[in-house]
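Everything on this sheet refers to the single structure shown next.
The values are calculated or read from the model by the stated rules, or taken from the named source; none is laboratory data. From a predicted model like this one, the values you see are computed outputs, not experimental measurements. Positions of Cβ are backbone-derived with ideal geometry, glycine not excepted, and every protein chain shown enters the neighbour counts.
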Amino acid sequence: MTTPVALKHPLFDPASLYNRMRASIHVEDKMRGYFHWMAARANRFEEPPPLQPWSEEDLRRCACELEGVCDGERVAKIQVLDMLETRSLFLLSENPGDVQFHPWHAHLLIVREQDGRLTVGLLFQATPEVVDRWRTAVPDRLSHPLRCRAFIFEQEVLTRMAAIALKTPEEKSPERLLLPAFQPEMVASNFEVARLLVGVAELEGEIDPDKPAVCFCRLEIPDWHHRFHPRIAPPQVVVIADTGSEEGG
């Protein structure tokens, strides 16, 4: 007997193994833990790699994009303190049982909010080709913004996933490693993959079909993380949109 394929990806299905485990954690705690972990890793460097410099103009422009005040007349009420360029993939579910990755451009951001709190955010820029593919794949879901989720992977997590969850110890590119990990069947049935995804730092957002930039809900971080910590390689960000059926059938 063939099991019917769910129309909603397990990452967004409340009844899935992944979401049952995710219900026991708080995304804010994961993000704070992620920043503490980055700081601890940086302290182990004998010679810390140089930090990527950003001009004040770059930071101001990014703050304006976050607040949608890019008309040149208004000023952003927030301040972007630092940016971290990432390797980014947009996961597009073009049919219920399969997903495909498309490259996008994204930066992680440390933001000083109006009330003085520090938060982390993500600004995700789509290429015109990806926007066209997305519109073609989900034409019946474009009447309102789509929920999406961004997962932030460090190389250490990718290595663990390859060795333990996917049992592929040979060297693979992040794309070749993450594509099978995000397939609906893998997330639904592989406990180790689901557990690793639950533990990865994440941000929630919405994709507006009329806007190429996707802004994510920012999460508060400890107030001593004014800059991203030194690192050897950029993180890998995977964004997946909830393109499944609202009715689930």
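Odds and ends about this structure:
- Within the range 12-26, the presence of a residue that is loosely packed, with under 15 Cβ neighbours inside 10 Å and more than 17 Å from Ala194 (Cα to Cα) is excluded.
- Arg135 being basic (Lys, Arg) and modelled with pLDDT of 75 or more: no
- Considering residues of the range 30-65 that are in contact (Cβ under 8 Å) with a residue 12 or more places away in the chain and of a type in the set (D, E, K, R) only, the residue nearest to Val200 (Cα to Cα): Lys30
- Pairs, first closer than 19 Å to Val111 by Cβ in the range 225-249, second hydroxyl-bearing (Ser, Thr, Tyr) and modelled with pLDDT under 90, C-beta under 9 Å, six or more apart: Val237/Ser88; Val239/Ser88
- Within the range 144-156, the only residue that satisfies the criterion of being under 15 Å from Leu108 (Cβ atoms) and either surrounded by fewer than 18 Cβ atoms within 10 Å (Cβ to Cβ) or of a type in the set (Val, Ile, Thr) (or both) is Ile152.
- Filtered residue count, the range 209-227, keeping only those that are within 14 Å of Leu123 (Cβ to Cβ), modelled with pLDDT under 95 and part of a loop (DSSP other than H, G, I, E, B): 3
- Pairs with Cβ under 7 Å, 6+ apart, first in the range 7-29 and in contact (Cβ under 8 Å) with a residue 24 or more places away in the chain, second of a type in the set (S, T, N, Q) and assigned to a helix (DSSP H, G or I): Asp13/Asn19
So that you can scan it fast, the table gives a plain yes or no per residue for (1) farther than 28 Å from Leu179 by Cβ; (2) assigned to a strand (DSSP E or B); (3) hydroxyl-bearing (Ser, Thr, Tyr):
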{"site": "Ala39", "(1), (2), (3)": "yes, no, no"}
{"site": "Ala42", "(1), (2), (3)": "yes, no, no"}
{"site": "Glu47", "(1), (2), (3)": "yes, no, no"}
{"site": "Cys62", "(1), (2), (3)": "yes, no, no"}
{"site": "Glu65", "(1), (2), (3)": "yes, no, no"}
{"site": "Lys77", "(1), (2), (3)": "yes, no, no"}
{"site": "Asp82", "(1), (2), (3)": "yes, yes, no"}
{"site": "Leu89", "(1), (2), (3)": "no, yes, no"}
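- Members of the range 175-228 found to be crowded, with 20+ Cβ neighbours inside 10 Å, within 21 Å of Met38 (Cβ to Cβ) and touching a Cys at 6+ places or on another chain (Cβ under 9 Å), listed by number: Leu203, Phe216
- Screening Glu47, Glu28, Glu65, Glu56 for residues that are charged (D, E, K, R) and touching a Cys at 6+ places or on another chain (Cβ under 9 Å) leaves exactly one candidate, Glu65.
- For the range 169-199, the tally of residues that are in contact with a Leu (Cβ under 7 Å, 6 or more places away or on another chain) and assigned to a loop (DSSP other than H, G, I, E, B) stands at 1.
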